[in-house]
Amino acid sequence: MKCEMSAKAGLNPTEDLEKVIKSLSNLFNYDELEIGENCVTVSGGLESLLNWKKSLENRRIRSTARKILIKGVRRNMIFFRLNKQAAFVGVSNFVEGKMSPLGDIEVKVECSDPEAFIDWIAPEINV
């Protein structure tokens, strides 16, 4: 399965650039890092998502992740948001609805088969 991901975090005037980069690095093993005037963007392939996949498993939030990812499917892309402050301490926390005070990490995953990607990143758990 071939996938490309990008994760973008806003950089507020009061924030430290290194801390924003750390928030992204805690969740993603990116291939590229781009620092803009007001944001930081990381991108990479499927392997860039392995840390995040492990985080979903360790926190036991795969069912929640599945629901949010399914809601975010648009053709061959999946859109979702993660809490930037939680990511700073290595925690994967989804944001739905209103944005958090310091902003969120906006994630986009582009792949040929979004359903297969969701099954890989957050497999259904049979209890």
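The values are calculated or read from the model by the stated rules, or taken from the named source; none is laboratory data. Since the model is a prediction, treat every value here as computed from it, not as a measurement. Heads up, the Cβs are rebuilt from the backbone with ideal geometry, glycines too, and the neighbour counts pull from every protein chain shown.
Name every residue in the range 1-18 that is touching a residue at least 60 places away in the same chain (Cβ under 8 Å) and not hydrophobic (A, V, I, L, M, F, W, C), in order of residue number.
Listed by number, the residues that qualify are Lys2, Glu4, Ser6, Lys8, Gly10, Asn12, Glu15.
Every residue, every condition in (1) surrounded by 16 or more Cβ atoms within 10 Å (Cβ to Cβ); (2) part of a helix (DSSP H, G or I); (3) touching a residue at least 12 places away in the same chain (Cβ under 8 Å), yes or no:
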position	(1), (2), (3)
Val20	yes, yes, yes
Leu33	no, no, yes
Thr41	yes, no, yes
Arg66	yes, yes, yes
Val109	yes, no, yes
Ile118	yes, yes, yes
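Please enumerate the residues belonging to the range 1-56 that are of a type in the set (Gly, Ala, Ser) and within 21 Å of Asn76 (Cβ to Cβ).
Within the range 1-56, Ser6, Ala7, Ser43, Gly44, Gly45, Ser48 qualify.
Test of understanding: among Leu27, Leu50, which residue is loosely packed, with under 14 Cβ neighbours inside 10 Å, under 19 Å from Glu4 (Cα atoms), in contact (Cβ under 8 Å) with a residue 12 or more places away in the chain and under 14 Å from the mean Cα position of the chain (by Cα)?
Every option except Leu50 fails the conditions.
Is there a residue being under 15 Å from Ala116 (Cα atoms), small (Gly, Ala, Ser) and not in a helix (DSSP H, G or I) anywhere in the range 69-82?
Scanning the range 69-82, I find at least one residue that is under 15 Å from Ala116 (Cα atoms), small (Gly, Ala, Ser) and not in a helix (DSSP H, G or I), so the answer is yes.
Before we move on, is Glu37 free of Cβ contacts under 8 Å to residues at least 60 places away in the same chain, out of contact with any helix residue (DSSP H, G or I) (no Cβ under 8 Å at 6 or more places or on another chain) and among the acidic types (Asp, Glu)?
yes
For the range 83-91, does any single residue satisfy the condition of being in contact with a helix residue (DSSP H, G or I) (Cβ under 6 Å, 6 or more places away or on another chain) and modelled with pLDDT of 95 or more?
no
With the condition kept exactly as written, say whether any residue in the range 90-99 is in contact with a Ser or Thr (Cβ under 9 Å, 6 or more places away or on another chain), over 21 Å from Glu4 (Cα atoms) and surrounded by fewer than 17 Cβ atoms within 10 Å (Cβ to Cβ).
Scanning the range 90-99, I find at least one residue that is in contact with a Ser or Thr (Cβ under 9 Å, 6 or more places away or on another chain), over 21 Å from Glu4 (Cα atoms) and surrounded by fewer than 17 Cβ atoms within 10 Å (Cβ to Cβ), so the answer is yes.
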